[in-house]
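Student: Questions regarding the structure given below will be posed in turn.
The values are calculated or read from the model by the stated rules, or taken from the named source; none is laboratory data. As the structure is a computational prediction, the values presented were derived from the model and not from experiment. Here the Cβ positions follow ideal geometry from the backbone for every residue, glycine too, while neighbour counts run over all protein chains shown. The area values use the complete protein model at the heavy-atom level, side chains included, leaving out ligands, DNA and RNA. Shrake-Rupley method; radii C 1.70, N 1.55, O 1.52, S 1.80 Å.
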Amino acid sequence: MNRLNKVGRSAGFTVLAVWVAAPVLPLLLWAFTGRWVYPALLPQDFSTRAWARVADPQQQVLDALGTSLALASCTAVVGTTLGALAARGLVLYAPPAAGLLRVLLLAPVLVPPFALAVGVQEMFVRAGLADHAVGVALVHLVPALPYTVLVMTGAHATYDIRLEHAARTLGASRTAVLRNVTLPLLAPALLAAATLAFLVSWSEYLMTVLVGGGLVTTLPLLLFSTAAGSGNQPLTAVLGILIAVPPVLLFGLAAALLRRRRAPWADPTPPSPRTERAAAS
């Protein structure tokens, strides 16, 4: 039975990998294409000119990559912090009108994105935050915060605050409780929330265009403008790969860290009969 389970898991993983990788293969081909004319199934000529153009400072690709990384990292840190604080207050302290507060926090994912973006842009223009990186960083929190609140709400639903009270009773300071009790217990949820916030910010396009005003250039903006304006398919493919790689690496790192921190009771592998007999004795 264990052998069949392993074979089934391997087959499922293979099918999933092929399903995920299939759309990426044309990008990889186009990224190294010099000439590819219909009806040929494969490129007639291979070249790395598109990668050389990416490294050219005049193309602003590296600057856009740095801007996207900075904005996504800022959104991950700030959004996770705010989401954790909001979830802690809603779940552990049950303030009045907690249901209404939840709806307000989740409203950005309930409202149509374009309507939300137009309304937020109007507010940022009046506040003088439009056309600045700070304004774009703040506006990225709008769609990211609901996801961090959802993740941290689920984590706090099973969080035992009595552990903090016990540590305080034994003489631990608030900082020590936060460092040695709260953060270790919530670390998997914090990591998952930060990953989601990073991904939301990394792929955000509409709000970046409206609030950034074209002065704050990120990789998604550069990809859309290149795909729509230049018609340079190899360069478009390279930009698509640059957008896809960091989220994949981040997701893989987060999955590995979460697997290492998984609780023993979450292991789906059943205990061996020897282990059960030892526990019974």
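Student: So if I check each of Leu196, Leu178, Leu215, which one is open to solvent by 60 Å² or more (accessible area, probe 1.4 Å) and not in a helix (DSSP H, G or I)?
Tutor: Leu215
Student: What do you reckon, is Val77 assigned to a helix (DSSP H, G or I), without any contact (Cβ under 8 Å) to a residue 24 or more places away in the chain, under 22 Å from Gly252 (Cα atoms) and open to solvent by 60 Å² or more (accessible area, probe 1.4 Å)?
Tutor: So Val77 does not fit the description; no.
Student: Please enumerate the residues belonging to segment 121-138 that are open to solvent by 40 Å² or more (accessible area, probe 1.4 Å) and assigned to a helix (DSSP H, G or I).
Tutor: Gln121, Glu122, Met123, Val125, Arg126, Ala127, Ala133, Val134, Leu138
Student: While we're looking at this one, here's another question. Which residues, counting only those in segment 139-175, are open to solvent by 60 Å² or more (accessible area, probe 1.4 Å) and touching a residue at least 24 places away in the same chain (Cβ under 8 Å)?
Tutor: Listed by number, the residues that qualify are Tyr147, Leu150, Ala157.
Student: Looking at segment 47-60 only, could you name the residues that are aromatic (Phe, Trp, Tyr) and surrounded by fewer than 14 Cβ atoms within 10 Å (Cβ to Cβ)?
Tutor: None; the set is empty.
Student: So, one more: Restricting the search to segment 71-98, which residues are within 15 Å of Pro146 (Cβ to Cβ) and of a type outside the set (Val, Ile, Thr)?
Tutor: Correct list: Ala76, Gly79, Leu82, Gly83, Ala84, Leu85, Ala86, Ala87, Leu90.
Student: A further question on this structure: Please go through segment 218-233 and give me each residue that is assigned to a helix (DSSP H, G or I) and surrounded by fewer than 22 Cβ atoms within 10 Å (Cβ to Cβ), ordered by number.
Tutor: Selection gives Pro220, Leu221, Leu223, Phe224, Ser225, Thr226, Ala227, Ala228, Gly229, Ser230, Gln233.
Student: Considering only residues of segment 29-44 that are under 11 Å from Pro234 (Cβ atoms) and not β-branched (Val, Ile, Thr), which is nearest to the chain's Cα centre (by Cα)?
Tutor: The residue in question is Ala31.
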